[in-house]
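**Student:** This is the structure I want to talk about, given as C-alpha cells.
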Amino acid sequence: MTFDPAPASISGTPSVVQRLRAHEGRAVPFSVEFNPPRDAAGEARLWRAVREFERMHPAFVSMTYGAGGSTKDRTVRVTGQLAQETTLLPVAHLTAVGHSVAELRSLVGAYADSGIRNILVLRGDPPGDPLGEWHRHPEGVEYAEELVRIVRDLGDFHVGVASFPQGHHRSPDLDSDTAFLAAKLRAGAEYSITQMFFDVEHYLRLRDRVAAFDPVEGAKPIIPELMPITSLRTVTRAEELCGRPLPPAVLDRLRRAAGDGPEENRAAVREVGIEIATEMAQRLIDEGAPCLHFITLNFAKATSEVLSNLGYGVCPAPAPA
C-alpha cells in the first residue's frame, strides 16, 4: 500500500495518511471508532475501551459527533482528552446537520484548542431518523464538499471524508455517488472512511469506480469500516447505520445461530458475528486495504477478538511518521 504524497505534520501532529504510511511493510494497521458518552457511566466504559485499545497501538481513533445533540460539549472535551492524555491519534467527526457556518467554524476552533488537527468531515444524517429528509441549515452548507473547504481554509488541518460502498441512499446512482466522493477529495480531503458494509465486493467495486473516475483522487486511501455483530439486536443497528439491509447470506448465518427458541442464542450469534467480521477483515487485508476501521460502540472485547483472530496483539508502536 503506497500513498503519495504524504501531507506534512501539522504542529507536531501526524496525519492519518502518515500513520498509514508508517505501517508500510508491516501488518495492515487498524483503527477504531468511539461514540460520545451520554453520562458518567458511559464515559467510564469509554475510557476502559480506550485504555484497552491503547495497548494495541491503533493507527488512529475517531470520535463520532451528533450534530445538535446534547453531547456536543462532552464530545469536544473527551476528544481533546484523547489527544492530551493518551498516546492515541484522535480524529474528530464534524457534521453539517443543524449548524450554521459560524457554528461550524467555532467547533473547528474548539477542536484546535484541544489539540485536534485531524477532522472527519460529514454532511451527516437528520437527528432521530438517519434515513429521513435532509434539511440544510438556513446559514449552513448543503454538501460535505463545502465543509471540507471551510475546514481547510481555517488553518492547518488534515481532513477525511465518508465514502459509500453501495452508494449513499440519497445519491441518484453509483456514478453520481462516485463523482460526489471525487469532488470531496479534490476539495482537500486526504482519505475516506467507508460506511459500514457486509459484502467485501462492494468495497472493492467502490475502489475500482473511484480509480477509474479519477486516478489521482482514487490513489488516496479508502479505509473500510467494519462492525462485529454480537446479537440480533445489533443487526437492526447495523442496518440503520449503513442504510442497507444485510446480505441474505450473512443474515441467514446469524439467524441459524440464534436458533428457534423464544430467546436468541446470543453466545452462538456472537461467535458467528466474530467469524463474519474476521473473514471480511482477512479478505480486505488480502485485497490490499490500507487499514481496518472498526465500529466499537465503546466496547473493546469483540473488536479485540477479531484482531486476535487475525494475529494482532499488544505490540510495539510503528516507527514515528
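The values are calculated or read from the model by the stated rules, or taken from the named source; none is laboratory data. Just so you know, these numbers come straight off a predicted model, no measurement behind them. With ideal geometry, Cβ positions are generated from the backbone for all residues, glycine too; neighbour counts draw on all protein chains shown. These accessible areas exclude ligands, DNA and RNA; they are computed on the full protein's heavy atoms, side chains included. Shrake-Rupley method; radii C 1.70, N 1.55, O 1.52, S 1.80 Å.
**Student:** Yes or no: segment 281-293 includes at least one residue that is modelled with pLDDT of 95 or more, over 22 Å from Val161 (Cβ atoms) and open to solvent by less than 30 Å² (accessible area, probe 1.4 Å).
**Tutor:** Yes.
**Student:** Looking at Gly218, Gly155, Gly167, can you tell me which residue is at positive phi and buried (at least 18 other Cβ atoms within 10 Å of the Cβ)?
**Tutor:** Numbers: Gly218 fails: at positive phi; Gly155 fails: buried (at least 18 other Cβ atoms within 10 Å of the Cβ).
The unique qualifying residue is Gly167.
**Student:** Oh, and also: In segment 164-211, what count of residues is obtained for those that are of a type in the set (Gly, Ala, Ser) and assigned to a loop (DSSP other than H, G, I, E, B)?
**Tutor:** Taking segment 164-211 first, the residues of a type in the set (Gly, Ala, Ser) are 167, 171, 176, 179, 182-183, 187-189, 192, 211.
If we keep only those that are assigned to a loop (DSSP other than H, G, I, E, B) too, we end up with 167, 171, 187-189.
Within segment 164-211, residues that are of a type in the set (Gly, Ala, Ser) and assigned to a loop (DSSP other than H, G, I, E, B) number 5.
**Student:** Quick check: anything in segment 264-275 open to solvent by less than 50 Å² (accessible area, probe 1.4 Å), free of Cβ contacts under 8 Å to residues at least 12 places away in the same chain, assigned to a helix (DSSP H, G or I) and over 22 Å from Arg19 (Cβ atoms)?
**Tutor:** Within segment 264-275, the subset open to solvent by less than 50 Å² (accessible area, probe 1.4 Å) is 268-269, 272-274.
Now narrow it down to the ones that are free of Cβ contacts under 8 Å to residues at least 12 places away in the same chain: 268.
Checking which are assigned to a helix (DSSP H, G or I) leaves us with 268.
Now narrow it down to the ones that are over 22 Å from Arg19 (Cβ atoms): 268.
Yes, the conditions are met somewhere in segment 264-275.
**Student:** Quick check: is even one residue across segment 237-253 at pLDDT below 95, out of contact with any Cys (no Cβ under 6 Å at 6 or more places or on another chain), more than 26 Å from Ser62 (Cβ to Cβ) and surrounded by 16 or more Cβ atoms within 10 Å (Cβ to Cβ)?
**Tutor:** Among the residues of segment 237-253, at least one is at pLDDT below 95, out of contact with any Cys (no Cβ under 6 Å at 6 or more places or on another chain), more than 26 Å from Ser62 (Cβ to Cβ) and surrounded by 16 or more Cβ atoms within 10 Å (Cβ to Cβ), which makes the answer yes.
**Student:** Is it the case, given these coordinates, that Arg207 is within 15 Å of Pro165 (Cβ to Cβ), without any contact (Cβ under 8 Å) to a residue 60 or more places away in the chain, open to solvent by 50 Å² or more (accessible area, probe 1.4 Å) and under 18 Å from the mean Cα position of the chain (by Cα)? Break it down stepwise before answering.
**Tutor:** Details: within 15 Å of Pro165 (Cβ to Cβ): yes; without any contact (Cβ under 8 Å) to a residue 60 or more places away in the chain: yes; open to solvent by 50 Å² or more (accessible area, probe 1.4 Å): yes; under 18 Å from the mean Cα position of the chain (by Cα): yes.
Yes, satisfied.
**Student:** Continuing with this model, one more query. With respect to Thr230, is the statement that it is assigned to a helix (DSSP H, G or I) and more than 22 Å from Ser192 (Cβ to Cβ) true? Quick ask: steps written out before the conclusion?
**Tutor:** Details: assigned to a helix (DSSP H, G or I): no; more than 22 Å from Ser192 (Cβ to Cβ): yes.
The answer is no for Thr230.
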